[in-house]
Amino acid sequence: MNGKQIVTKLDALLQWIVRLVLLNILWILFSALGLFAAGVFPATAAVLAVARKWVMGEQDIKIWSTFKQVYRQEFLAANSMGWILSVIGAILYFNYQVMTSHIQEMSFVVPFAFYFIVFFYTMLVIWSFPLLAHYKANWHQHFKNAIIIGLTKIHYTIVCGAVVFAVLYFSLSFPGLLPFFTISTIGVGCMWLALQIFSQLDQDQTHQAAN
């Protein structure tokens, strides 16, 4: 590898670092703009939308304007979906607390059923927002497709969950990374994995329509 190639690769690396930092800061800024309660979910949708364009090769997009546009367009849809997931998560957490405090009085079927539900809930959390960033549909269609993809592409689901866990674990071990890389890195990683599936689904639909 000659000097020119090294400089080119370093330049590309620095550009990606700047992009990730800017995207992460925008997520924090727009989450705060919605007082977090109403801002986190559309900001997350915007992160994934920007990451989607990057992964698809549109690396020279205007990050600020793209982020702001998606944030506004998906504000209601992302909040509706996000709060439904949050309420379900809160109910599951409450049930977990009750279950652990009465575990000796319960049949083994109850914990089994609970973790079975958690398994499906995890698939909703992993796939719903990438679907929102790529397809136009209502929230219950996204939830339905999230379950289908989560089950039929279980290996991608596991890898995506591992990416989220690894980035969060590393970021919590080095808290200085949280404001700069955590959300943007998760967004790019998960969107790259999601597009491996979505691209294949889109090609299959195009092929079926042509026939």
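Considering every alpha-carbon pair of the stretch 162-211, the percent of pairs per 5 Å bin, from zero through the bin containing the longest distance, is 4, 21, 19, 14, 10, 9, 8, 7, 5, 3, 1.
If I compute solvent accessible area with a 1.4 Å probe over the protein chains, what percent of it on the chain is carbon and sulfur?
Its accessible area is 70 percent carbon and sulfur atoms.
A 1.4 Å probe run over the chain, with the rest of the protein chains in place, finds 59 Å² accessible per residue.
What the phi angles of the stretch 104-114 give under the Karplus curve with 6.51, -1.76 and 1.60, with θ = phi - 60°, is a coupling list of 6, 8, 9, 6, 4, 5, 5, x, 4, 5, 4 Hz, glycine and proline written as x.
Overall shape of the chain was characterised from the C-alpha gyration tensor. The equivalent ellipsoid obtained from it has semi-axes of 32, 22, 19 Å, in decreasing order. For the options 201, 29, 85, a Gaussian network treatment of the chain with springs between C-alpha atoms closer than 10 Å singles out 201 as fluctuating the most. For the residues 182, 100, 152, a GNM of the chain with alpha-carbon springs under 10 Å puts the largest fluctuation on 100. Using 7 Å Cα-to-Cβ label points, what is the residue 64/residue 96 separation (nm, one decimal)? Each label point lies 7 Å from its Cα, and together they span 4.0 nm.
Here the chain is treated with +1 on each Lys and Arg Cβ and -1 on each Asp and Glu Cβ, and its dipole about the Cα centre works out to around 420 debye.
The percentage of C-alpha pairs in the stretch 126-211 whose separation is greater than 23 Å is 31%. With a 10 Å cut-off between alpha carbons and a GNM built on the chain, which of 61, 186, 25 moves the most? Comparing 61, 186, 25 in a Gaussian network model of the chain, the most mobile one is 61.
Report the percentage of all Cα-Cα pairs in the stretch 21-60 whose separation exceeds 17 Å, rounded to a whole percent.
When every Cα pair of the stretch 21-60 is considered, 30 percent fall beyond 17 Å.
Per residue, the average separation of C-alpha pairs within less than 8 Å and at least 6 apart gives the chain a relative contact order of 27 percent. Entry for the stretch 45-92 at q = 0.23, 0.26, 0.28, 0.30 Å⁻¹: log10 I(q)/I(0) = -0.78, -0.87, -0.94, -1.01, Debye formula applied to identical alpha-carbon scatterers, no solvent contribution.
Scalar couplings 3J(HN,Hα) for the stretch 177-184, obtained by applying the Karplus form with A = 6.51, B = -1.76, C = 1.60 to θ = phi - 60°, are 7, 3, x, 10, 10, 4, 5, 5 Hz; x denotes Gly and Pro.
The sum of -39500 (n - 2.57) across all DSSP H runs of n ≥ 4, divided by the residue count of the chain, sets its helix-only mean residue ellipticity at 222 nm to -28500 deg cm²/dmol.
The values are calculated or read from the model by the stated rules, or taken from the named source; none is laboratory data. In this text, all values refer to a predicted model and were calculated from it rather than measured experimentally. Here Cβ is always computed from backbone atoms with ideal geometry, including for glycine, and neighbour counts include all displayed protein chains. Note: accessible area is taken over every heavy atom of the protein model, side chains too, but ligands, DNA and RNA are not part of it. Shrake-Rupley method; radii C 1.70, N 1.55, O 1.52, S 1.80 Å.
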